[in-house]
Amino acid sequence: PARLSVGLVEDPGETWMRDSNVAWDMRYHYFVQGWRDNWGWDPTNSGQWGLDYMNECDAHGFLPVVQYYCMNGFSGYDESAFYATTQNASVMADYFDDFKVLMQRCKEFDKPVLVLMEGDGYAYMEIQTNDNPDAYAAVDATGMPELAGLPDTAAGWGLAFLKIRQAVGADKVVLGMHISGWATQKDIGYYQT
């Protein structure tokens, strides 16, 4: 958009934003591990829950914003294991496959979607790799054809999302990096000097 856009977090099925009579631009929701099969309610693993959320946002006049925040679930909800989890090729194959399904549902939606990548994940990668973009992370090693040729590094991990989006043809998806205050290793809301 040519102007600053404003939105809020709102769960599926809620209508407060629509009913508020405020001209909100965006509607934001976290997609955490389990989103793909609606936390067991859709055993086909189709990602329909995510597509339904996008359609609901659109029906209310909002741009859907997805905070893709799945690594925490894949790492056993242990933020200190974020980078270590990226070193496991079979876990990362499942993780990237979930992201591929998201891109397929976004392509099916066929309208703009903003997908923010992994909340504080880039900060955890920075901290846990000691700022080393060449630290090992399973990307090509996952065996996913979409990721063939990418380096098995922390930098390659970041590039993988772009490659999957491109391979799926989800051209209307805007990928965004969450700029995390945790990269400083201090709570910048409270820490002084």
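The values are calculated or read from the model by the stated rules, or taken from the named source; none is laboratory data. Small disclaimer: the values here were computed from a predicted structure and weren't measured. The protein model used for the area step is the full one, side chains on, heavy atoms only, and it has no ligands, DNA or RNA in it. Shrake-Rupley method; radii C 1.70, N 1.55, O 1.52, S 1.80 Å.
Key figures
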quantity: Accessible area, probe 1.4 Å, largest first, for residues TYR95, TYR190, TYR83, TYR136; calculated: TYR190, TYR136, TYR83, TYR95
quantity: ³J(HN,Hα) computed for each position of region 14-19 - Karplus, 6.51 cos²θ - 1.76 cosθ + 1.60, integer Hz, glycine/proline x; calculated: 7, 10, 4, 4, 4, 7
quantity: Under 26 Å between alpha carbons - lysine pairs in the chain that sit 8 or more apart or on different chains; calculated: 8
quantity: Mean ellipticity per residue at 222 nm, deg cm²/dmol - from DSSP H runs of n ≥ 4 across the chain, formula -39500 (n - 2.57); calculated: -10500 deg cm²/dmol
quantity: Apportionment of accessible area to carbon and sulfur, region 60-161, percent (1.4 Å); calculated: 50
quantity: Residues of the chain: accessible area per residue with a 1.4 Å probe, Å²; calculated: 51
quantity: P(r) tail fraction, region 51-97 - alpha-carbon pairs more than 17 Å apart, %; calculated: 48
quantity: Cα-based shape type of region 111-184, given that a ≥ b ≥ c are square roots of the gyration tensor eigenvalues and the cut on a/c is 1.5; calculated: oblate
quantity: Antiparallel content of DSSP bridges confined to the chain, in %, to 5; calculated: 5
quantity: Accessible surface of VAL9 - all protein chains present, 1.4 Å probe, nearest 10 Å²; calculated: 90
